[in-house]
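Take a look at the structure set out below.
The values are calculated or read from the model by the stated rules, or taken from the named source; none is laboratory data. Here the structure is a predicted model, which is why all the values come from computation and not from measurement. Note that we place each Cβ from the backbone using ideal geometry, even for glycine, and neighbour counts take in every protein chain shown. These area figures cover heavy atoms from the full protein model, side chains too; ligands, DNA and RNA do not enter into them. Shrake-Rupley method; radii C 1.70, N 1.55, O 1.52, S 1.80 Å.
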Amino acid sequence: AIKLAVKEYSDKYGEGGINKLIGEHILKNFYAFELMMAPYAIGHIKVSFLLEELGYTMKDHERFKLYLTNTLDMEELDQTVIPGLESLSDESHEAGRIKKDQRILVIVGNPPYSGISANINNWTEKLLKTNIDGVQSYYEIDGKKLGEKKLWLQDDYVKFLRFSQWKIHKAGQGIVGMITNHSYLDNPTFRGMRQSLMKTYNEIYILDLHGNSLKKEIAPDGGRDANVFDIQQGVAIALFVKKANAKGCKIYHGNLYGEREFKLNWLDAHSLKKKDYRQLKPESPWYFFIERNTKDIEHYNGWMKVNEIFPVNVTGIVTARDNFTIDFDRSILEARIRQFRNLKFEDDLLRAIYHLKDTRGWKMSQARKRLSEDRNWDEHFKIIQYRPFDIREIYYSENTVDWGRPEIMSHIIRPNLSLCFVRQYSGASKYSHALISEYMVDNRTFFSSKGIIQQAPLYLYKPEPKKKKTAFHSMMLFEPEAEYGTEGKKPNIEPKVLEQLENAYRKKPTPEQILYYCYAVLYSNVYREKYAEFLKIDFPRIPFTDDYNLFVQMAVLGEELGKLHLLKSKALDKPVVKFRGIGEDVIEKPAYDEKNNSVFINGKKYF
């Protein structure tokens with residue numbers, strides 16, 4: 001920035017005034033913040049060398065205004081009387097003054113990306129969640145609260161964008177240039193943020209550099225799409241422009257795919273030109289900052305979401321220690337649990353053997369003590385659908401599982417069916433994210449890192465008599481006075497859906513028929529292709545036919561598919577593939593033998 005200012009000044013007025021420019025403008029009006037001591041010190045040294053190269057020698061009373069501070073922390077260090085440390089508190093006070101009061105016109109940076117933010121304090125909470133100084137909160141949309149169960153708005157890069165937005169808004173005009181995580185461009189939970197940015201700025205230029213390995217992004221030509229950094233999360237460069245007294249906001253968007261070297265060379269060779277971008281017109285309720293084809297089929301939004309049809313639903317469980325509390329073999333798992341509850345074994349020994357670590361809500365020593373006192377400890381062995389077609393044993397107890405979702409799992413561990421789905425899917429793959437299950441599911445059943453499974457039981461059981469109140473035994477979520485029928489259960493289906501279908505068909509469809517109908521829709525290739533853009537955004541919506549015969553036919557197809565996925569279909573009695581060979585069932589290096597039409601898992605066993 002210093003070099004650019006000097007070059008533009010000397011090109012326009014000549015090099016004779018450079019010293020005056022540096023002394024009266026750059027040293028007075030350029031500010032920088034750095035959190036870490038080493039780059040802070042190196043930064044001062046490099047700026048000193050640069051100014052000397054430009055022919056300027058700083059006077060004794062001058063300094064470059066690079067401050068040792070956390071941009072997102074408004075608390076200033078108290079004045080200290082410890083010799084040699086007075087300058088730290090002085091530094092903090094001056095940085096605080098700049099953050100709070102100094103009028104800033106240009107802000108640039110590459111802030112940290114951290115989903116679990118290290119900067120959660122009263123100031124950042126106010127910054128994000130309130131209409132601070134007239135800047136719309138990121139936690140509202142169109143004047144209403146977002147209404148999300150889980151938000152990712154606490155990421156550090158979001159807070160840096162918000163801080164910059166606040167400063168430019170207070171200045172009345174200015175420019176922000178940031179390279180950040182690109183998730184905010186289209187993630188549904190960031191829609192309030194996008195609307196807020198549009199209300200502050202008059203022009204927004206976004207160059208999406210992609211390279212998201214978590215989404216397995218590829219270039220449009222099918223080639224590799226690499227990240228410009230050594231990270232998994234895709235990134236984007238954004239320029240936000242606020243003009244004095246201007247109204248409205250224009251959004252310009254561009255894409256850059258390919259190998260890292262190509263992207264870096266392209267960036268090095270190009271300046272901002274509108275011809276490299278396409279203008280977008282973000283609209284409610286999503287205000288997307290990318291190109292999305294959601295206008296063609298407006299009737300889609302009139303259908304109910306699958307999570308509304310089956311209103312009691314929850315994300316899959318999180319054990320935080322899968323290798324310890326989940327196993328293929330019940331006897332091996334039981335031996336582990338016996339050892340865990342036997343206090344004769346030292347904590348350190350079990351930590352080393354099973355790689356166990358304490359978490360925020362789980363302390364190993366406390367869990368072992370509670371489990372050793374549990375007389376009914378052997379009642380907690382359950383079944384879990386760990387991955388598609390991968391059924392395992394789990395020791396399902398508050399002493400071994402971090403996030404057990406007991407209020408929902410209490411219905412699923414009894415005879416039941418459940419529909420599993422995700423909120424949105426990666427555009428790099430085709431939609432295939434629906435599953436039917438008889439068991440509880442792990443939160444990563446569908447993906448390792450790209451999305452969390454949502455599970456909705458078909459039936460809700462009448463609450464059991466109150467037991468000892470613990471995280472896993474307080475099952476009184478539902479009103480005991482509700483109608484559960486003679487079997488002690490009721491369908492987890494929105495009453496409005498049941499009523500509308502009964503009125504349309506003049507017959508009462510069964511809960512199973514409704515579940516299987518939805519399953520058939522979710523596996524329809526026509527549905528998946530036609531509504532692909534919508535399926536990237538939110539929970540899938542289900543169109544119900546007004547033709548009862550078609551409804552029944554779809555339900556029958558959905559049931560056939562469901563039984564196949566549950567491995568209970570008679571069609572599986574005559575398998576087309578057989579497991580052959582002699583030896584251990586260890587997958588070494590899978591290989592396809594084209595000549596014999598076989599897939600080998602090791603040197604001796606194959607399909």
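Would it be correct to say that Y431 is modelled with pLDDT under 85, within 31 Å of the chain's Cα centre (by Cα) and under 30 Å from A219 (Cβ atoms)? Taking the combined requirement at face value, the residue satisfies it. Among the residues of the stretch 558-593, those that are open to solvent by less than 100 Å² (accessible area, probe 1.4 Å) and either closer than 30 Å to A504 by Cα or not in a loop (DSSP other than H, G, I, E, B) (or both) comprise G558, E559, L561, G562, K563, L564, H565, A571, L572, A591, D593. Comparison of S410, S437 shows that the only residue that is surrounded by fewer than 23 Cβ atoms within 10 Å (Cβ to Cβ) and hydroxyl-bearing (S, T, Y) is S410. Note on the stretch 1-51: residues that are open to solvent by 80 Å² or more (accessible area, probe 1.4 Å), farther than 20 Å from I104 by Cβ and either touching a Pro at 6+ places or on another chain (Cβ under 6 Å) or not in a helix (DSSP H, G or I) (or both) amount to 1. Checked against (1) assigned to a loop (DSSP other than H, G, I, E, B); (2) open to solvent by less than 30 Å² (accessible area, probe 1.4 Å), G192 passes all but condition (1).
Just for the stretch 96-125: of the residues that are outside any loop (DSSP other than H, G, I, E, B) and within 17 Å of F190 (Cα to Cα), which one is least open to solvent (accessible area, probe 1.4 Å)? Only one residue fits best here, namely T124. Considering only residues in the stretch 211-244 that are surrounded by fewer than 14 Cβ atoms within 10 Å (Cβ to Cβ) and touching a Ser or Thr at 6+ places or on another chain (Cβ under 9 Å), the one that is modelled with the lowest pLDDT turns out to be K216. Of all the numbered requirements in (1) touching a residue at least 12 places away in the same chain (Cβ under 8 Å); (2) in contact with a helix residue (DSSP H, G or I) (Cβ under 9 Å, 6 or more places away or on another chain); (3) over 19 Å from F447 (Cα atoms); (4) in a helix (DSSP H, G or I), N323 misses one, and that requirement is (3). Within the stretch 452-475, the presence of a residue that is charged (D, E, K, R), assigned to a loop (DSSP other than H, G, I, E, B) and at pLDDT 95 or above is excluded. No other residue among R330, R360, R375, R341 is out of contact with any helix residue (DSSP H, G or I) (no Cβ under 6 Å at 6 or more places or on another chain), in contact (Cβ under 8 Å) with a residue 12 or more places away in the chain and of a type in the set (D, E, K, R) apart from R330.
Do we have R444 as farther than 23 Å from E393 by Cα, surrounded by 15 or more Cβ atoms within 10 Å (Cβ to Cβ) and modelled with pLDDT of 70 or more here? Answer is no for this residue.
Apart from one condition, L356 fits all of (1) more than 22 Å from Y459 (Cα to Cα); (2) in contact with a Phe, Trp or Tyr (Cβ under 8 Å, 6 or more places away or on another chain); (3) surrounded by fewer than 16 Cβ atoms within 10 Å (Cβ to Cβ); the exception is (3). Out of curiosity, is H169 of a type outside the set (G, A, S), part of a helix (DSSP H, G or I), farther than 30 Å from N307 by Cα and touching an Asp or Glu at 6+ places or on another chain (Cβ under 8 Å)? Spelling it out, H169 is indeed of a type outside the set (G, A, S), part of a helix (DSSP H, G or I), farther than 30 Å from N307 by Cα and touching an Asp or Glu at 6+ places or on another chain (Cβ under 8 Å).
The conditions of being within 30 Å of R360 (Cβ to Cβ), among the hydrophobic types (A, V, I, L, M, F, W, C) and open to solvent by 70 Å² or more (accessible area, probe 1.4 Å) are met by I332. Scanning the stretch 360-381 finds no residues that are among the acidic types (D, E), within 33 Å of the chain's Cα centre (by Cα) and farther than 30 Å from K216 by Cα.
For the stretch 262-278, filtered to residues that are under 25 Å from P111 (Cβ atoms) and in contact with a strand residue (DSSP E or B) (Cβ under 7 Å, 6 or more places away or on another chain), the residue that is least open to solvent (accessible area, probe 1.4 Å) is K263. For the stretch 90-103, does any single residue satisfy the condition of being out of contact with any Lys or Arg (no Cβ under 8 Å at 6 or more places or on another chain), at pLDDT 90 or above and under 23 Å from Q195 (Cα atoms)? For the stretch 90-103, residues out of contact with any Lys or Arg (no Cβ under 8 Å at 6 or more places or on another chain), at pLDDT 90 or above and under 23 Å from Q195 (Cα atoms): absent. Looking at K275, K247, K263, just one residue is part of a helix (DSSP H, G or I), at pLDDT below 95 and of a type outside the set (A, V, I, L, M), and that residue is K275. The numbered conditions (1) farther than 22 Å from F421 by Cβ; (2) not in a loop (DSSP other than H, G, I, E, B) are all true for K344 except (2).
The single condition among (1) exposed (fewer than 15 other Cβ atoms within 10 Å of the Cβ); (2) within 32 Å of the chain's Cα centre (by Cα) that E346 does not satisfy is (2). Working only within the stretch 245-261, note down all residues that are surrounded by fewer than 14 Cβ atoms within 10 Å (Cβ to Cβ) and either farther than 24 Å from Q279 by Cα or hydroxyl-bearing (S, T, Y) (or both). Across the stretch 245-261, the qualifying residue is only E261.
Looking at the stretch 532-555 only, could you name the residues that are part of a helix (DSSP H, G or I) and either open to solvent by 30 Å² or more (accessible area, probe 1.4 Å) or within 16 Å of C518 (Cβ to Cβ) (or both)? Across the stretch 532-555, the qualifying residues are E533, F534, L535, Y548, N549, L550, F551, V552, Q553, M554, A555.
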